[in-house]
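Just so it is clear, none of the values below were taken in a lab; they were calculated from the coordinates. On a predicted model such as this, the values are computed, not experimentally measured, just so you know. Here the Cβ is made from the backbone with ideal geometry for all residues, glycine too, and neighbour counts use every protein chain on show.
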């Protein structure tokens, strides 16, 4: 089937949206708590644009401009002082006041959907300002900002040299800020920061390849210093000064570690508020633990049955070279793309070209890590999840969405839920009928994602530490190594809460949506149309997409009454 042009595809999907629910053809319903102010939908669009510009002008405009946390121009690193944060909170309160003064009761459903999506982004940022407060609780917040410049290939000249020198020269000021601002440090955060300053993480997401990975951030500065010494000696003093400041930061953390006893998680009340008002999920933390445990049991049972079914099949051998691995990636990509078209799974717009892969070829002294142990055997699970029709495909579609709100808003659970849904979903749709051992890899991926769910909650409720979560995962996940487990625990503890659970819970929400649509449409249901309509909705929270696609409002009717944010 020849891919349709973007315009034809969007017109067809728009027609599908109108047909999917009679509710989409009429003005939106009224709900208790729905704003009845003065602003119109155009005011919402304008306000959201202002918010994005204020929050991150570089991202909003694709420029290199930078403001500090108070919204003032910054040379390199923003100001995270208490005064700057208070100014930020005051601006955020004004945004929230303007958002409440909207005549949402008079809007069409699609516009009401957009309102809740925008409000969720406002609430997320306010949660960071008022509850998460990484600049005062997490030493790694500053460590993260020290690393990437060390990956610069030398020699550099012109603007690139000027920019590198500015960033290196700002490191002592960043360290001084960290020492002033870190007044309520959580123990897990302190230990992770100390580890990352002095140890290779064993995963290296996007790091340049080194046969022996540098030992942490300080190791990467030593790497940069060695390269500067031979390729650009004039840079040596700049690198040495930055390295000395970072060493002083490490010394300060070690000296003060005994007093850094705060809890890293946000606590149950704040986490449940976040799940409802930011993630717009129809579940609280107790529900999510139950869902995660049940999903983990289901996947382990299916994995056991699949292993039995395939007991006479040869095991998949890991690729032995970069060339062999690349060949497996190329054949996987070709097979998946052809299958998506031939089996009428989803429209592939004509702007979708070659998409990069997620796991590079690396030879590690201790052997492949978890992701590599799966990917080097067969790239299919991660290709579905992270390439096509998962993240990279999804991201290109979003970049081609010029909607002023939906083209500039992404829900993590929507992005990850879609990607995880594709793994097992495409298998059940027939992709792997002739590759039984690859089906086992699909279940292994699912097992790790399901194991994250209760642990993500326990981290935020301060019922488990990072080391305890690592042990919990390793015990339950085939191929999982300590490095990947620790890095994932760190990511999901230190990101805005609930990102780790969004993979599996988002997948369950996708399955809920699929089931509702199939029941509603009966024999008129067409999988390809369902997927196309879903993609056209944008990367909104899944409860909102479900409301718009099906008219079912049981997951959104209580969202209009915004409860006060709990205080720490």
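Tabulated data for the structure shown
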quantity: Extended-chain gain in nm, criterion 0.36 nm per residue less alpha-carbon gap, residue 350 and residue 36; calculated: 108.8 nm
quantity: For 153, 272, order by how many other beta-carbon atoms lie within 10 Å, fewest first; calculated: 153, 272
quantity: Separation of the residue 100 and residue 82 label points, Cα + 7 Å toward Cβ, nm; calculated: 2.7 nm
quantity: Value of [θ]222 nm, deg cm²/dmol, for the chain, DSSP H segments ≥ 4, -39500 (n - 2.57) each, nearest 500; calculated: -19500 deg cm²/dmol
quantity: Sequence-separation-based contact order of the chain, relative, with Cα cut under 8 Å and 6+ spacing, percent; calculated: 20 percent
quantity: Per-residue Cβ neighbour rank within 10 angstrom, fewest leading, 428, 391; calculated: 428, 391
quantity: Centre separation in Å (Cα based) which lies between region 168-217 and region 514-561; calculated: 42 Å
quantity: Relative packing of 263-270, 401-408, which averages over residues the other C-beta atoms within 10 Å, highest first; calculated: 263-270, 401-408
quantity: Sequence of 271, 195 once ranked by neighbouring C-beta atoms within 10 Å, starting from the fewest; calculated: 195, 271
quantity: Cα centroid separation, region 128-150 to region 463-477 (Å); calculated: 24 Å
quantity: Relative contact order (percent, whole number), region 140-259, Cα cutoff 8 Å, 6+ residue spacing; calculated: 38 percent
quantity: Three-way shape label, region 310-438, alpha-carbon gyration tensor, a/c 1.5; calculated: prolate
